[in-house]
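Worksheet: one structure, shown below.
The values are calculated or read from the model by the stated rules, or taken from the named source; none is laboratory data. Since the model is a prediction, treat every value here as computed from it, not as a measurement. We place every Cβ from the backbone using ideal geometry, glycine too, and count neighbours over all the protein chains shown. The protein model used for the area step is the full one, side chains on, heavy atoms only, and it has no ligands, DNA or RNA in it. Shrake-Rupley method; radii C 1.70, N 1.55, O 1.52, S 1.80 Å.
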Amino acid sequence: MILGASCSSPKPEPHDAPEFYDLSEYEEAKVGDILEVAEVVPLLFERDTYPKHATFLSFLDGNIVIEHLENSDHVFSSDGHYIGCSESMKGQGPGEHVMLLGHVVNPFSHTIDVLGISNMYSYDPEFTNSLRVSDLPTIVGSADKWLFDSGIALSETKYLLHSSIVTNPYQVTLYDAEQGKALNKWSYADDIITYFSGARQKLFRMPDGEILITAEGYSPYIYGVDSEGRDMYKAIELKYGDKIITDHVTLDDFRKNHDIAKQYYENPDIEIPIQQIVNSKKIITVIRAGIDMYEDEYVLIADREDNKTYKIDIMDDSGVMPPIFHAIDESYLYNIVNADYILENRSVLLNKTDEADSLLRNHDEDDLFLIKYRFKK
């Protein structure tokens, strides 16, 4: 059930025993054995604005939504043509936003919802009209604002929101945009073993409507929330190998010692999960065990249907995988790279490596490409 507001965050509620995967037992495979490139989409520079980098990727009604480091959203059609940019709705007028911390795509209302400091701003995909401005919830029992930077829509007005940029990032909030209120919130802070932040996509919609949530930091669990947002629970439990990090390194430790990440990343005897993404068939975990993101990273792919796990090096003689994935859905694994990256790492195109020259013709080195990977097994 949905609980009323209280001064403390409830922990994930008791639930059926979580799915269990032993990631310490795996078969070794090559990149080309597991993945193939289904399509490469050039993102065309057809407006005055263009993303310099892609830090977050989402999709709305077939359109591609890219967020980048300068805090703006850029929308492209499925074939790469430019549709709109959030910069056109930036300002201090009615319906305009001053700052973009993140965004949520809402397939129920067909809007892109910009997360600001105090408000959520709902826009059409072309960023030509403001359709709704909602107050973002305060911390229950406090006047301070959460700085939300990601989320997922449960309906036209209800959302699960998350933040990676606050003092305690281990919280999921059920939010009603119509009321501008938090209906509930849950904390998974007690499960966090160490804080090593990964990619921005942390909330994933399953075909049955269940939402799976990967932790901000290293937790042995992936969490679930039912499609109505009634409760949060431990949906998946993961066991890692003997080299996995066990030190309790907190976010406060990172703030006090800016070299702490380097100390751990440069230790080859410690393995750190740095990204986890999931769909109804696969759990993908990126592990780092040294300073070089290519030679010292590998990927564990757990198959949720046959319970097999494959270990893949980021780079081998069959191809190259980018060290961080941008998104996953039920059909594809996605990454965005620029033309210069493809020139230097042609085998990132795997089975389409021979098409690199024709693909890059007439494109500048900073132009971006969306690579859609398909699982072969």
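Model label points for S24 and D317, set 7 angstrom from Cα along the Cα-to-Cβ axis, are 3.2 nm apart. The shape of region 265-356 comes out oblate: with a ≥ b ≥ c from the C-alpha gyration tensor, a/c is at least 1.5 while a/b does not beat b/c. Taken over the Cα atoms of region 300-342, the convex hull encloses 102 Å³ per residue. Dividing the Cα radius of gyration of region 151-191 by its Kirkwood radius returns 1.00 for Rg/Rh. F375 exposes around 40 Å² of accessible area when a 1.4 Å probe is run over every protein chain in place. When only Cα pairs below 8 angstrom with a gap of at least 6 residues are kept, region 46-187 shows a relative contact order of 14 percent. Among W146, W186, the order of accessible area from largest down is W146, W186, computed with a 1.4 Å probe on protein heavy atoms. Applying a threshold of 28 Å to the alpha-carbon distances of K52/K158; K158/K281; K202/K376; K234/K281; K243/K372; K90/K181 flags K52/K158; K243/K372 as lying beyond it. Shape summary: region 15-69 maps onto an equivalent ellipsoid whose semi-axes, from the alpha-carbon gyration tensor, are 35, 19, 12 Å in decreasing order.
Percent of accessible area on region 246-344 owned by carbon and sulfur, 1.4 Å probe? Solvent-exposed carbon and sulfur of region 246-344 make up 45 percent of the total.
For the chain, what is the relative contact order in percent, using Cα pairs closer than 8 Å and at least 6 residues apart in sequence?
Across the chain, relative contact order equals 18 percent.
Taking Cβ atoms as reference points and 11 Å as the exclusive limit, the residues near E96 contribute a net charge of 0, counting Lys and Arg as +1 and Asp and Glu as -1. Using only alpha carbons, region 151-233 has a radius of gyration to Kirkwood radius ratio (Rg to Rh) of 0.95. The accessible area of S318, taken with all protein chains in place and a 1.4 Å probe, comes to roughly 40 Å².
Working ranking of peptides 97-105, 305-313, 27-35 by packing, defined as the average number of other Cβ atoms within 10 Å per residue, highest first, is 97-105, 27-35, 305-313. R255 contributes about 120 Å² of solvent-accessible surface, heavy atoms of the protein only, 1.4 Å probe. On the principal axes of its alpha carbon atoms, the chain extends 55, 50, 42 Å, with the longest extent given first. The charge dipole of the chain, taken about the Cα centre with unit charges on the Cβ atoms of Lys, Arg (+1) and Asp, Glu (-1), comes to about 860 debye, rounded to the nearest 20.
For region 149-287, the spread of Cα positions along the three principal axes, ordered from largest to smallest, is 48, 34, 21 Å. When only Cα pairs below 8 angstrom with a gap of at least 6 residues are kept, region 184-298 shows a relative contact order of 23 percent.
Hydrodynamic estimate: the Kirkwood radius of region 188-261 over Cα pairs, inserted into Stokes-Einstein at 25 °C and 0.890 mPa s, corresponds to D of 179 µm²/s.
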